[in-house]
Amino acid sequence: MNYLINCINLQKNYLKKRALVNINLKFQEGKIYGLLGPNGSGKTTLMKVIADLHKQTGGEITICDEVPSHKTKAMVAYMPTENYVYSWMKVKEAVNFYRDMYNDFDMKKALELLSFMDIDLEQKVGSLSTGQRARLKITLTISRKVKIYMLDEPLNGLDPISRAKIKECIIDQFDEGSTMIISTHLVDEIEQILDEVIFLEKGEVVLQGETEEMRIKRGQSLEEIYREVYKHA
Amino acid sequence: MDFTTDVPIYIQIMELIKTDIVTGKLQKGEKMMSTRDLAVSLKVNPNTVQRVYRELEQEEVCFTKRGMGTFITEDEGKISELKESLADEKVKLFIEAMRSLNLNIEDVIRKIKFYEEASR
Amino acid sequence: MLKLVKFEFLRKRMSFMLAAALIVLGQIYALYKYFSINEVIRDNFTEEILGIFLGALAVGLILLYLIDLIFLFRNDLFKQEGYMLFMTPNSGYKLLGGKLIFALLEGVAIAGIYLSIAFINLKIMGLESLNLSLLNLSTSEIIIVTKLLMLMVFMIIEFALTIYLSFALFKSLFSNNRFKGLITFGIFILINILKGKVADLASTVLNNTFETIHLSAERFTLLGMGTTLNIAIAATLISSVLMYLGTGYLLEKRINL
């Protein structure tokens, strides 16, 4: 089987905090993964280690059989949950930045998606609404052609229209040759999209498996499973 | 599309398509949407829809022409069989619901006749 | 690399325009003040006035430049928007190199602006003779001036690198700390103390070797200055290279953004 990401006993400690504890995970081609858990459970840390923005303090991790470095950054399209697009840029300049920096950036797709997302190229990023910013972020991320896509909280705090558009974009653009990891704590919004789910708690994997199998076995929706897993959190 | 999420989504989508076939919304021999388009319109994972098509093909409800897409079966017998089994399912569910209300079968039949006439 | 430099220019264009507008306004205001002074005083003290003006301008520009050098990297390392740059598949060394090249270009641009302002004012104030006498230097003097300029450039790079190294150390050791400004400043001071110690050590070793070489008295002044400059240039260069490698390594291998 072809694993795009392989974590073996992965650990991440900060000065005072243990953010990831012995994570063993494999991510396969052609699947959409849900990384679930409340705030502070380690979702973002795991994504940042995969994106090589944070370095692990123990264990191993490989991205397409390579140790994370600036080279693996070319294989990973990561959308941080933060508003990371420079607010002084015009939308057009943000798109050009991606074109300049990433060889895999598909300009045509980006322009198509921007018009689907109702975003004006001439507008300043700083003057976009929260929903528009989120739509711009996902457009930039999805318009790259890579093996690994990671979306950190893509629906959090958004209006229904933005959420619907982003969901549609994820489904429509998902490519069978790649893997997609979506972190969220809004499970019911997104559970129909997920092939597999990983529940994190205090930096550890507490439950993982195929979404449909979990539903059959437990006779519960993901939302209900989520509430059960984190009832004392 | 809203799904009850404690039942596997692929099974719910299969039911949906079967109902459309039985009610004639989907005609026999008609070309079905591509998996991607159906996934987008239902807002579900494309892999789930692929599984739906695979299972439907195994049940011979539809068939794939290489390079052309997936089509509804042209077999009339298959379609009436679908109708039968869907009706059976619904009746079973109905009976279970009536049983849980502690109604005996005569009362239920009387009620069915009454409402059937009233709605005519 | 070129694309990184291009990006920095794009980012700075507003500040550039603002700075240019301020400079033009300041120049006009200064000239207005100059011509409203009593004519007798003006004629007698033109050189002094120009000196003060150019001196103040130099201090102001250098200060702005140094502050700008700090912010050039600070904003990318300490703000969310820095992810946009750090997600790109550029190595830490390359990102750092891009920043340094941009910093140098910016320095050159500022120096150019400064010189043209000086030249324009010389013209306006009718001090062209002064202008020419400056260019009348002997070869050895030109060499010294060139070396001084080189030293200045390297010192600027070294200063910038010391700051960037402090940032990188902070971001590698402490990811998110409330006292980031204070701690980074502490690290900055520490690096400088360390550099001082290394320089002391190096100079004692060098002095011991140099004492055995006897320099004749009459050639001492020029040659001595030349040698001192050479050593200073070499020292800043070595320290810059080491800090470049260290910072690049931290950015590539250790940093938590």
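Out of the residues in the range B:36-93 that are in a helix (DSSP H, G or I) and of a type in the set (Ser, Thr, Tyr), state the one that is farthest from A:Ser178 (Cα to Cα). Among those residues, the one meeting the criterion is B:Ser80.
Answer with yes or no whether A:Ser69 is within 10 Å of chain C (Cβ to nearest Cβ), more than 18 Å from the chain's Cα centre (by Cα) and open to solvent by 30 Å² or more (accessible area, probe 1.4 Å). In short, no.
Which of the residues that make up the range A:166-181 are away from chain B (no Cβ under 11 Å) and either under 19 Å from A:Ser41 (Cα atoms) or basic (Lys, Arg) (or both)? Result: A:Ile181, single match. Among the residues of the range A:84-93, the one identified as under 30 Å from A:Gly40 (Cβ atoms), surrounded by 19 or more Cβ atoms within 10 Å (Cβ to Cβ) and not aromatic (Phe, Trp, Tyr) is A:Val85. Looking only at the range B:17-39, which residues are open to solvent by 60 Å² or more (accessible area, probe 1.4 Å) and either assigned by TED's automatic domain parsing to the domain that holds B:Leu82 or within 15 Å of the chain's Cα centre (by Cα) (or both)? Result: B:Thr23, B:Lys25, B:Gln27, B:Lys28. Here are B:Leu42, B:Leu56: which of them is away from chain A (no Cβ under 14 Å), open to solvent by less than 40 Å² (accessible area, probe 1.4 Å), touching a helix residue (DSSP H, G or I) at 6+ places or on another chain (Cβ under 7 Å) and touching a residue at least 12 places away in the same chain (Cβ under 8 Å)? Only one candidate qualifies: B:Leu56. Selection within the range B:87-104: residues that are farther than 25 Å from B:Thr23 by Cβ and open to solvent by less than 100 Å² (accessible area, probe 1.4 Å). The member of this set that is nearest to the chain's Cα centre (by Cα) is B:Ser100. Considering the conditions (1) within 8 Å of chain C (Cβ to nearest Cβ); (2) within 22 Å of A:Leu25 (Cα to Cα); (3) surrounded by 21 or more Cβ atoms within 10 Å (Cβ to Cβ), A:Phe97 is excluded by exactly one of them, (2). Of all residues in the range C:73-116, those being within 14 Å of chain A (Cβ to nearest Cβ) and farther than 30 Å from A:Leu151 by Cβ number 1.
Inside the range A:56-66, residues that are in a strand (DSSP E or B) and open to solvent by 20 Å² or more (accessible area, probe 1.4 Å) make up a count of 4.
Scanning the range A:9-30 for residues that are in contact with a Ser or Thr (Cβ under 9 Å, 6 or more places away or on another chain) and either surrounded by 14 or more Cβ atoms within 10 Å (Cβ to Cβ) or at pLDDT 95 or above (or both) gives A:Gln11, A:Lys12, A:Asn13, A:Tyr14, A:Ala19, A:Leu20, A:Phe27, A:Gln28, A:Glu29, A:Gly30. Of the residues contained in the range A:116-128, none is found to be closer than 25 Å to C:Lys253 by Cβ, more than 9 Å from chain C (Cβ to nearest Cβ), without any contact (Cβ under 8 Å) to a residue 60 or more places away in the chain and part of a loop (DSSP other than H, G, I, E, B). The set of residues in the range B:4-14 that are without any contact (Cβ under 8 Å) to a residue 12 or more places away in the chain and either open to solvent by 50 Å² or more (accessible area, probe 1.4 Å) or within 15 Å of the chain's Cα centre (by Cα) (or both) comprises B:Thr4, B:Asp6, B:Val7, B:Pro8, B:Ile11, B:Gln12. Taking the range A:150-161 as the range and being within 14 Å of chain B (Cβ to nearest Cβ) and not in a loop (DSSP other than H, G, I, E, B) as the test, the residues that pass are A:Pro160, A:Ile161. Could you list, in sequence order, all residues of the range A:152-165 that are open to solvent by 30 Å² or more (accessible area, probe 1.4 Å) and touching a Pro at 6+ places or on another chain (Cβ under 9 Å)? Scanning the range A:152-165 gives a single hit, A:Arg163.
The single condition from (1) under 19 Å from A:Pro154 (Cα atoms); (2) open to solvent by less than 30 Å² (accessible area, probe 1.4 Å); (3) in contact with a strand residue (DSSP E or B) (Cβ under 7 Å, 6 or more places away or on another chain) that A:Leu114 fails is (3).
Quick one: would you say A:Leu46 is in a loop (DSSP other than H, G, I, E, B), hydrophobic (A, V, I, L, M, F, W, C) and open to solvent by less than 20 Å² (accessible area, probe 1.4 Å)? In short, no.
Residues of the range A:193-222 that are facing chain B (nearest Cβ under 7 Å), part of a helix (DSSP H, G or I) and either touching a Lys or Arg at 6+ places or on another chain (Cβ under 8 Å) or surrounded by 15 or more Cβ atoms within 10 Å (Cβ to Cβ) (or both): A:Ile193, A:Glu212, A:Arg215, A:Leu222.
Out of C:Leu115, C:Leu104, one residue alone is modelled with pLDDT of 90 or more, part of a helix (DSSP H, G or I), in the same structural domain as C:Thr46 (by TED's automatic domain parsing) and open to solvent by 50 Å² or more (accessible area, probe 1.4 Å). It is C:Leu104. Picking from B:Ile17, B:Ile21, B:Ile11, which residue would you name as being within 14 Å of another protein chain (Cβ to nearest Cβ), at negative phi and either at pLDDT 90 or above or not in a loop (DSSP other than H, G, I, E, B) (or both)? When all the criteria are applied, what remains is B:Ile11. Residues of the range A:80-90 include at least one that is outside any helix (DSSP H, G or I) and more than 9 Å from chain C (Cβ to nearest Cβ). Restricting attention to the range A:166-188, the residues that are open to solvent by 40 Å² or more (accessible area, probe 1.4 Å) and assigned to a helix (DSSP H, G or I) total 4.
The values are calculated or read from the model by the stated rules, or taken from the named source; none is laboratory data. Worth saying up front: this structure is predicted, and the values here are computed from it rather than measured. Because the Cβ atoms are built from the backbone with ideal geometry, glycine has one as well, and the counts that use them run over all protein chains shown. Only protein heavy atoms, including side chains, enter the accessible area calculation; ligands, DNA and RNA are left aside. Shrake-Rupley method; radii C 1.70, N 1.55, O 1.52, S 1.80 Å.
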